[in-house]
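What follows is one structure encoded as structure tokens, with my remarks underneath.
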Amino acid sequence: MFMGHLVRGPNDIVVYGRAVARGYEEGRDDAGPEDVARRPWLERWPHFIRVHDAEFVDGTLEDGVSLGELMDELGAYAFGPTAENADRGVGNVDSRQSIRQAAAIRLSEAGASWLGEELEGAFRRHGRLRAEEMPGLDWD
């Protein structure tokens, strides 16, 4: 999975890292009382997405990859659902509308390839940090 942050000026999502997500397991991936005490917002959003092999751009958000550029470049073929709709000739083919309707969206093969290549370029230019190298990050 790719990890991004919403930004303004211009409105965009900047991708700054990636990791391999683990499948959700009830109980293991739910916030307990100790978690909520440390981070009260977990009471509202109590489910974790656990990841491994995380890596991040060693820089600022400005050094990440623009999801807006991905959508400009690939249009309907940025995301799986809009690409499938475009191929069928039915349904939403607007990638920007599609991302506004979901907290997460599946990339198309072309979108995953484009984003992976751009993120690799950001790693080459700015460096790569592994989660284990980041002090203060909750990491088992």
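No lab work stands behind these numbers, since they all come straight from the coordinates. These numbers come from a predicted model, not from an experiment. When we count neighbours, we look across all protein chains shown, and the Cβ atoms used for this are built from the backbone with ideal geometry, even at glycine.
Treating the beta-carbon of each Lys and Arg as +1 and of each Asp and Glu as -1, no other charges, what is the dipole magnitude of the chain about its Cα centre, to the nearest 20 debye?
280
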Q.
Which residue fluctuates most in the GNM of the chain (Cα springs below 10 Å): Gly23, Gly127, Gly59?
A. Gly23
Q: Have a look at His47, Gly17, Leu129 and report the one farthest towards the positive end of the charge dipole of segment 2-133, computed about the Cα centre with Cβ charges (Lys/Arg +1, Asp/Glu -1).
A: His47
Q: Please report Met3, Met71 as a ranked list, fewest other C-beta atoms within 10 angstrom at the top and most at the bottom.
A: Met3, Met71
Q.
Cα atoms only: what Rg and Dmax, in Å, come out for the chain?
A. 16.8, 50
**Q.** Spin-label pair Ala102/Met1, simplified geometry with 7 Å Cα→Cβ offset, distance in nm
**A.** 1.3
Q) Around Gly64, which amide H atoms from residues at least 5 apart in sequence, or from another chain, sit under 5 Å from its own amide H, with H modelled in the peptide plane? A) none
Q) Using only helices, what value at 222 nm comes out for the chain when you add -39,500 (n - 2.57) per DSSP H run of length 4 or more and divide by the total residues, to the nearest 500 deg cm²/dmol? A) -9500 deg cm²/dmol
